[in-house]
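**Q** The structure follows.
FYI, it's all coordinate maths here, none of it is from the lab. Source: prediction; values computed, not measured. Virtual Cβ from ideal backbone geometry, glycine too; neighbours counted across all protein chains shown.
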Amino acid sequence: MNDDVVEVRDLRRSYRVGGRTVTALDGVRLSFGRGTFTAVTGPSGSGKSTLLQCAAGLERPTSGSVLIGGTDITRLRESRLTRLRRDRVGFVFQAYNLLPALTAEQNVALPFRLAGRRPAPAQLRAALAAVGLADRAHHRPAALSGGQQQRVALARAIATHPDVLFADEPTGALDARTAEEVLGLLRQMTTEGHTVVMVTHDPSAAAHADTTLTLTSGRLLSPAPPG
Ligand SMILES: Nc1ncnc2c1ncn2[C@@H]1O[C@H](COP(=O)(O)OP(=O)(O)OP(=O)(O)O)[C@@H](O)[C@H]1O
Ligand SMILES: [Mg+2]
């Protein structure tokens, strides 16, 4: 049985900019198993965000394939891709991306509402409790610290119980102590069976992961160990 949650095969992504072609990903092959915690590092411009966006189905690769739970998402029509992303994938950004007019609880409810579902209040409260913010449900983002906002973003990403969580520099805007809290939460998620893939510049953040992959110029420097 293949227990890989995400499988990336010969992934390439290039962009045309002002008549020139920029190659962001130049043939990346890797896989992420269930419950694993992987850090992706590499210099600025090495393709880390592009890899995450393509693996999460937020962006289409130029060629190659991405399998999530055995489904090749690069072959899906937009409507099916959107549904698969909602059901199986969570994404957290450095800049939190919370909606300022909504409370913490309403932000966590957003993925459900976008899917036309009405989440049970208990489900929303459980997600906020999981990130230690049960008592901030009715706060708007402006009334929360940076670390608290990132924890709301995490709660939103995990409330739908995704198979895999992609996080692009999730601790980039946080102080060391708050970063540790968020990294601890990511680790805890893997023990609950979620797969976590995190881009980071910070070696001490990467140290929380089981495996660190390094990208340079769109290629993988250190291949994933067999597992
Ligand atoms: N939408 C785009 N249009 C054109 N070029 C792009 C686009 N997105 C990324 N690139 C280029 O692809 C390369 C990889 O970008 P990417 O954002 O993946 O790097 P990164 O490793 O995440 O860098 P950073 O650490 O600075 O976030 C860069 O050279 C970038 O300029
Ligand atoms: Mg980036």
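**Q** Contact order normalised by length for the stretch 43-176, with contacts defined as Cα pairs under 8 Å and 6 or more residues apart; what percent is it?
**A** Values: 162 pairs, mean separation 43.0, N = 134.
For the stretch 43-176, the relative contact order is 32 percent.
**Q** Oh, and also: What length, rounded to one decimal in nm, is gained on full extension from Asp175 through to Thr62, with 0.36 nm per residue of separation minus their alpha-carbon distance? The partial results should precede the final answer.
**A** Working: separation 113, 0.36 × 113 = 40.68 nm, distance 3.68 nm.
Value of the extension gain: 37.0 nm.
**Q** Please arrange Arg16, Arg29 by how many other C-beta atoms lie within 10 Å of their C-beta, fewest to most. Present the calculation step by step, with values, prior to reporting the outcome.
**A** Details: Arg16 8, Arg29 13.
Ordered from fewest to most neighbouring Cβ atoms within 10 Å, Arg16, Arg29 come out as Arg16, Arg29.
**Q** Also: Could you list log10 I(q)/I(0) for the chain at q = 0.08, 0.11, 0.14, 0.18 Å⁻¹, which the Debye formula gives when each Cα is one point scatterer?
**A** Cα-only, vacuum Debye calculation for the chain: -0.28, -0.53, -0.87, -1.36.
**Q** Using Cβ counts within 10 Å as a stand-in for footprinting exposure, how do Asp175, Asp163 rank, fewest first? Working shown, then result.
**A** Details: Asp175 11, Asp163 18.
Ordered from fewest to most neighbouring Cβ atoms within 10 Å, Asp175, Asp163 come out as Asp175, Asp163.
**Q** On a 0 to 90 degree scale, rounded to 10, what angle separates helix 121-130 from the longest Cα axis of the chain?
**A** The two axes meet at around 70 degrees.
**Q** If you don't mind, another one. What number, rounded to the nearest 500 deg cm²/dmol, is the helix-based mean residue ellipticity at 222 nm of the chain, given -39500 (n - 2.57) per DSSP H run of at least four residues and division by all its residues?
**A** After summing the helix terms and dividing by the residues of the chain, the value is -9500 deg cm²/dmol.
**Q** While we're here: Output the peptides 208-219, 135-146 sorted from most to least packed, where packing is the average of other Cβ atoms within 10 Å over each peptide's residues. It would help to have the intermediate numbers written out before the result.
**A** On the way: 208-219: 18.7, 135-146: 14.6.
So the peptides 208-219, 135-146, ranked by packing, come out 208-219, 135-146.
**Q** Take every Cα-Cα distance within the stretch 76-156, group them into 5 Å bins from 0 onward, and report for each bin the whole-number percent of pairs it holds.
**A** Answer for the stretch 76-156: a P(r) of 3, 16, 26, 25, 16, 9, 4, 1, 0 percent.
**Q** What order do you get for Thr191, Thr178 when you list them from fewest to most C-beta neighbours inside 10 Å? Provide the component values of the computation, followed by the final result.
**A** Values: Thr191 9, Thr178 17.
Ranking Thr191, Thr178 by Cβ neighbours within 10 Å, fewest first, gives Thr191, Thr178.
**Q** While we're here: Run the dipole for the chain about the Cα centre, Lys and Arg Cβ at +1, Asp and Glu Cβ at -1, nothing else charged, and hand back the magnitude in debye, nearest 20.
**A** 880 debye
**Q** For Ala24, what residues show an amide H to amide H distance below 5 Å, using hydrogens built from the backbone and excluding near sequence neighbours?
**A** For Ala24, the qualifying residues are Arg13, Ser14, Tyr15.
**Q** How much of the DSSP bridge set in the chain is antiparallel, in percent, rounded to the nearest 5?
**A** Values: 20 of 38 bridges.
For the chain, the DSSP antiparallel bridge percentage is about 55.
**Q** So what J values fall out for the stretch 179-184 if you push phi through Karplus, 6.51 cos²θ - 1.76 cosθ + 1.60 with θ = phi - 60°, rounded to Hz, Gly and Pro as x?
**A** So the Karplus estimates, Gly and Pro as x, are 4, 4, 4, 5, 5, x Hz.
**Q** Okay, moving on. Any idea how far the Cα center of the stretch 63-101 sits from the one of the stretch 1-49, in Å?
**A** Cα centroid of the stretch 63-101 versus Cα centroid of the stretch 1-49: 14 Å apart.
**Q** Relative contact order for the chain: what percent, with Cα pairs under 8 Å and sequence separation of 6 or more?
**A** Details: 443 pairs, mean separation 67.9, N = 227.
Once normalised by length, the contact order is 30 percent.
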